1. Sort out for me the Cα centre separation of region 32-105 from region 341-374, rounded to whole Å.
2. If neighbour count is taken as other Cβ atoms inside 10 Å, put Trp35, Trp292 in order from fewest to most.
3. What order do you get for 102-112, 20-30 when each peptide is scored by the mean count of other beta carbon atoms within 10 Å, highest first?
4. Looking at the P(r) of region 208-408, how many percent of alpha-carbon pairs lie beyond 30 Å?
5. To the nearest 20 debye, what charge dipole does the chain have about its Cα centre, counting +1 at the Cβ of each Lys and Arg and -1 at the Cβ of each Asp and Glu?
6. For region 7-186, which semi-axes, largest first and in whole Å, follow from the square roots of 5 times the eigenvalues of its Cα gyration tensor?
7. If I stretch the segment between Thr11 and Leu307 completely, what's the gain in nm (0.36 nm per residue apart, minus their alpha carbon distance), one decimal?
8. What number, rounded to the nearest 500 deg cm²/dmol, is the helix-based mean residue ellipticity at 222 nm of the chain, given -39500 (n - 2.57) per DSSP H run of at least four residues and division by all its residues?
Amino acid sequence: MTGRPDKRAITSWAFYDFANTIFSMNVISLYFALWVTVDHGGQDILYSLALSGSMFAVAISVPVFGAISDHTGRRQFPLTLLTLIAVIATALIGQTNQLGMGLCLFIIANYCYQSALVFYNGMLPNVARHSSVGMISGYGVALGYVGSIAGLLLVKPFVADGGRTAAFLPTATLFLIFSIPCFLFVKDPDPKPFQVDVGKAFRTLKKTIADASQYHVLLKFIGIHFLILDVVNTVIAFMAVYANKVIGFNDGQITTFLILSTTFAMLGSVVIGWLVKNKGTVFSYYTVLWIWLVALTLIMVSPGETLFWIVGPLAGAGMGGVWVVSRTIIVELSPKEKVGEFFGLYGLAGKMASIVGPLIWGSVVWMLQDTQTLKYRAAIGSLLLITVITIILFNKLKEQLPKHSVAG
C-alpha cells in the first residue's frame, strides 16, 4: 500500500456505496415489502422470514468470507460475482407473479448484497493508501445517502407506469451500472492462491468471542447496541408497510417520506458527530436513544398523516446518528491491537439484529392478524419497549464507561 492515492480507485470504490444503497432502499425498505404484503396479500411474517432467513445465512457465511478476504487478498472477483447474482435475482423478482418464487429470489438477492459488503469493506485500506481511511469511508457513506435518494427518484416513473412490479428491473440495472467502476478500477494489490481453512475461520470467531468476554464493558455495550439495532433494522424493513397500511400513504407519499428521512439521516450523522466531539459519547448515545423513543411514540399514536410526517426527520436523524456514535464507543473501549476483531463482533451483532427484529415484528402482526391496524401499532409498541429497555441498560452501563466518553 505504497504510492500516491489513486483518485479513480477511490471514486470507483465510493460509487459502489451509491450503487448498493439503491438496492437497499428500493428493495428492502420500500417496494419488496409492499409487493409481498399489498400486491400479493402475503402476511408480514412471510417477509420477516425471508429477510431474517437470508440474514441468518449471511451471519453464518461472514467468518468464511472474512477469512477469504483477509487470507487471500482476493476481493474484486467475489465482490463482482456476488453483486451480479444479486442484480440478476432482483431483476427476476419483477418477472414473476408467484409470491413463493419472489420470496426465494429476494433471499438470494439480499444474501448476495449483504455478503458482498465483506469484500467491499475489505478493499478500503488499499483504496485509501496514504489518505485518511475515515475520510474515504465518509465519501462512501455520503454517496450512499445520495444513492438512496437517487434510486427512489429514478425508479419512481417506472412504478407510476407499471406498478411496484416494475421497480425491480430498473433497480437491478442501476445497481449494476454504478457498480461497474468498482469492478474495473479497484484492483487486488497482492492476491494469493485461493484457499481458506473454513474450520480455522470459525475457530478464529470463537476465539474473538472468548477474548471479548474479558472486556466486560465492551461486551455489555455490544449487547445493548444489538437491542437498538433490532429497532433500527426493523423500522428500515417495515416502515413502508406501516405507512401504507396504517397511515394510508400511497407510493408517492412513501417515496417523499423516505427521501425526507434520508436527508435527515445525512444531517443527523453530522450533528451527532459534532455532539460526539464536543459532548462525549455517553451524551450522544443517550440523545440517539431518546430520538428513537420519541419517534416510535409518535409512530404508535399518530392518528393520521399530519403527525406522522414528523416521524421521518426524527427517525432519519436517529438512523444516521446511531452508527456514528456506536463506532466511536467501540474504538474507545477496544484495545488498539484488537479494534479489528471487535469491529467484527460489532458487525456480527448487526447481522443478528437483522434476524431478530423482523421476526419480532412479523410474529406480533401474525398473532394479532384479525385486529386491522392495531396489530401494526402493537408491533411498533414492541419496538418501543425494546428502546425503553435499551435506555435503562445503557443508564446502568454509563458509570463503567471511560471518563473521556462523557466529554469530548
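1. Each part's Cα centre sits 17 Å from the other's.
2. Numbers: Trp35 24, Trp292 27.
Exposure proxy ranking, most exposed first: Trp35, Trp292.
3. 20-30, 102-112
4. Numbers: 4447 of 20100 pairs.
That tail contains 22 percent of the Cα-Cα pairs.
5. 940
6. Value: 29, 19, 12 Å, ordered largest first.
7. Length difference between fully extended and current span is 102.6 nm.
8. Working: 14 runs with 315 residues, N = 408.
That calculation yields -27000 deg cm²/dmol at 222 nm.
Coordinate-derived values only; no laboratory data. Because the structure is predicted, anything quoted here is derived from the model rather than measured. A quick note on method: Cβ atoms are made from the backbone with ideal geometry, for glycine too, and the neighbour counts reach across all protein chains shown.
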